[in-house]
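I have placed the structure first, in the form of structure tokens, so that the comments after it can refer back to it.
The values are calculated or read from the model by the stated rules, or taken from the named source; none is laboratory data. Keep in mind the model is a prediction, meaning the values are calculated, not measured. Here the Cβ positions follow ideal geometry from the backbone for every residue, glycine too, while neighbour counts run over all protein chains shown. Surface areas here come from the heavy atoms of the whole protein model, side chains and all, with no ligands, DNA or RNA. Shrake-Rupley method; radii C 1.70, N 1.55, O 1.52, S 1.80 Å.
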Amino acid sequence: MALRNILKQGDETLTKRCRPVTDFNERLHILLDDMAETMTTANGVGLAAPQVGILRRAVVVLETNVPEGEPERVIELVNPEILESSGEQEGPEGCLSVPGDFGMVKRPDYVKVRAQDRDGNWFEAEGVGLTARAFCHELDHLDGHMFTELCDHILSDEELEAYYAAQREEED
Ligand code: NI
């Protein structure tokens, strides 16, 4: 596995619509392995192929909603599409292509996707909370869209701190 360079906002590649994956070969497997390593090394919860310069419909998402003591799991979605979504969540969202910036983005709280695995087999995956947010965010990348189009401004450090302080208060 190898780390790939993550393109930053402003790079034209990030505005392009990606083509479907048609070859489920070694090259795709290496890409998915590299994307997973690049995402986890950068402490992200999702990464889309265009972010590493590949205009194909493939993403990786880190499933963080796992039982206590179990490792987080990387979900690979090839040619994904959203089948169902419901509920609503609003919270700070960021992107490895816009490092350090967060904006308030509304997303559904539950998302069901259909996708192919690395060998071309179709399957369905469900996500709630952060995983649902990541599914939506990463699929947007495949159509050339960024979270910055969905928030009215990038949060200041003070706004971000105030948001997390309010969250902590709610939990107490
Ligand atoms: Ni992103």
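Some notes on this structure:
- Verdict on GLN167 being polar (S, T, N, Q), more than 16 Å from the ligand (Cβ to nearest atom) and at pLDDT 95 or above: no
- Scope segment 38-67; condition over 14 Å from the mean Cα position of the chain (by Cα) and farther than 20 Å from ALA132 by Cα; matching residues: THR41, GLY53, ILE54, LEU55, ARG56
- Residue pairs whose Cβ atoms lie under 7 Å apart, sitting 6 or more positions apart in sequence or on different chains, and linking a residue in segment 36-56 that is closer than 21 Å to ALA115 by Cα to a partner that is at pLDDT below 95 and more than 10 Å from the ligand (Cβ to nearest atom), are GLU37/MET1; VAL45/THR64.
- Hits in segment 61-81 - residues which are open to solvent by less than 70 Å² (accessible area, probe 1.4 Å), in contact (Cβ under 8 Å) with a residue 40 or more places away in the chain and touching a strand residue (DSSP E or B) at 6+ places or on another chain (Cβ under 7 Å): VAL61, LEU62, GLU63, ILE75, GLU76, LEU77, VAL78, ASN79, PRO80
- Filter pass, GLU26 being under 24 Å from GLN167 (Cα atoms) and either modelled with pLDDT under 95 or more than 14 Å from the ligand (Cβ to nearest atom) (or both): no
- Test result for GLY91, open to solvent by less than 10 Å² (accessible area, probe 1.4 Å) and more than 13 Å from the ligand (Cβ to nearest atom): yes
- Residue within segment 95-102 that is outside any loop (DSSP other than H, G, I, E, B), more than 11 Å from the ligand (Cβ to nearest atom) and either at pLDDT 95 or above or among the basic types (Lys, Arg) (or both) present: no
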